[in-house]
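Peer 1: For reference, the structure I am asking about is given below.
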Amino acid sequence: VELSCIIKSTVTPDPRIEWKKIRDGETSYVFFDNKMQGDFVTRAEILSRTSLVIKNTTRMDTATYRCEVAAPLDTKTIDEINIQLTVQ
């Protein structure tokens, strides 16, 4: 599955991008400090600097995924998008 976090315009040369997983009220890192975290290390990757690709998804991956972008030189310094993933 591919979850996209599209950055439309930025003047910050290298904005910080983080992905988090929110399930049952608990938040955990998926992509933080430019690397995959937890069980995503072996089955996920970042494409085109912003899209999260999760391989071999299971029902345990059902959650809300949040992409957070921090661009300190931009007018809007931080933004986020939430994507609800449901694995049948």
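The values are calculated or read from the model by the stated rules, or taken from the named source; none is laboratory data. Since we're looking at a predicted model, the values are computed, not measured. Backbone-built Cβ (ideal geometry, glycine too); neighbour counts: all protein chains shown. Surface accessibility is based on the protein's heavy atoms, side chains included, excluding ligands, DNA and RNA. Shrake-Rupley method; radii C 1.70, N 1.55, O 1.52, S 1.80 Å.
Peer 1: Check Thr62, Thr58 and return the single one that is of a type outside the set (D, E, K, R) and loosely packed, with under 10 Cβ neighbours inside 10 Å.
Peer 2: On the way: Thr62 fails: loosely packed, with under 10 Cβ neighbours inside 10 Å.
None of the others qualify; the one that does is Thr58.
Peer 1: Being part of a strand (DSSP E or B) and in contact with a helix residue (DSSP H, G or I) (Cβ under 7 Å, 6 or more places away or on another chain): is that true of Val69 here? Quick ask: steps written out before the conclusion?
Peer 2: Details: part of a strand (DSSP E or B): yes; in contact with a helix residue (DSSP H, G or I) (Cβ under 7 Å, 6 or more places away or on another chain): no.
Judged against the criteria, Val69 is not a match.
Peer 1: Given the options Ile46, Ile54, name the one that is within 13 Å of Ser4 (Cα to Cα), touching a Lys or Arg at 6+ places or on another chain (Cβ under 7 Å) and of a type in the set (A, V, I, L, M, F, W, C).
Peer 2: After applying the criteria, what remains is Ile54.
Peer 1: Here is a check on your reading of the model: is Ile22 modelled with pLDDT of 95 or more, open to solvent by less than 100 Å² (accessible area, probe 1.4 Å), outside any loop (DSSP other than H, G, I, E, B) and closer than 20 Å to Val1 by Cα?
Peer 2: Details: modelled with pLDDT of 95 or more: yes; open to solvent by less than 100 Å² (accessible area, probe 1.4 Å): yes; outside any loop (DSSP other than H, G, I, E, B): yes; closer than 20 Å to Val1 by Cα: yes.
Taking the combined requirement at face value, the residue satisfies it.
Peer 1: How many residues, within segment 74-88, are modelled with pLDDT under 95, exposed (fewer than 11 other Cβ atoms within 10 Å of the Cβ) and of a type outside the set (Val, Ile, Thr)?
Peer 2: The qualifying residues number 2.
Peer 1: Considering segment 44-55 alone, what residues qualify as being among the small types (Gly, Ala, Ser) and open to solvent by 100 Å² or more (accessible area, probe 1.4 Å)? Step through it out loud before you land on a result.
Peer 2: Filtering segment 44-55 for residues among the small types (Gly, Ala, Ser) gives 44, 48, 51.
Ser48 - this is the single residue of segment 44-55 that is among the small types (Gly, Ala, Ser) and open to solvent by 100 Å² or more (accessible area, probe 1.4 Å).
Peer 1: Looking only at segment 25-50, how many residues end up being under 13 Å from the mean Cα position of the chain (by Cα), polar (S, T, N, Q) and modelled with pLDDT of 95 or more? Even if it seems obvious, please write down each step before you answer.
Peer 2: So the first thing to find is which residues in segment 25-50 are under 13 Å from the mean Cα position of the chain (by Cα), and the list is 27-37, 40, 44-50.
Okay, now just the ones that are also polar (S, T, N, Q), so 27-28, 34, 37, 48, 50.
So of that shortlist, the ones also modelled with pLDDT of 95 or more come out as 27-28, 37.
Of the residues in that region, 3 qualify.
Here's the yes/no breakdown for (1) open to solvent by 80 Å² or more (accessible area, probe 1.4 Å); (2) out of contact with any strand residue (DSSP E or B) (no Cβ under 9 Å at 6 or more places or on another chain):
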position	(1), (2)
Ser4	no, no
Pro13	yes, yes
Thr27	yes, no
Val30	no, no
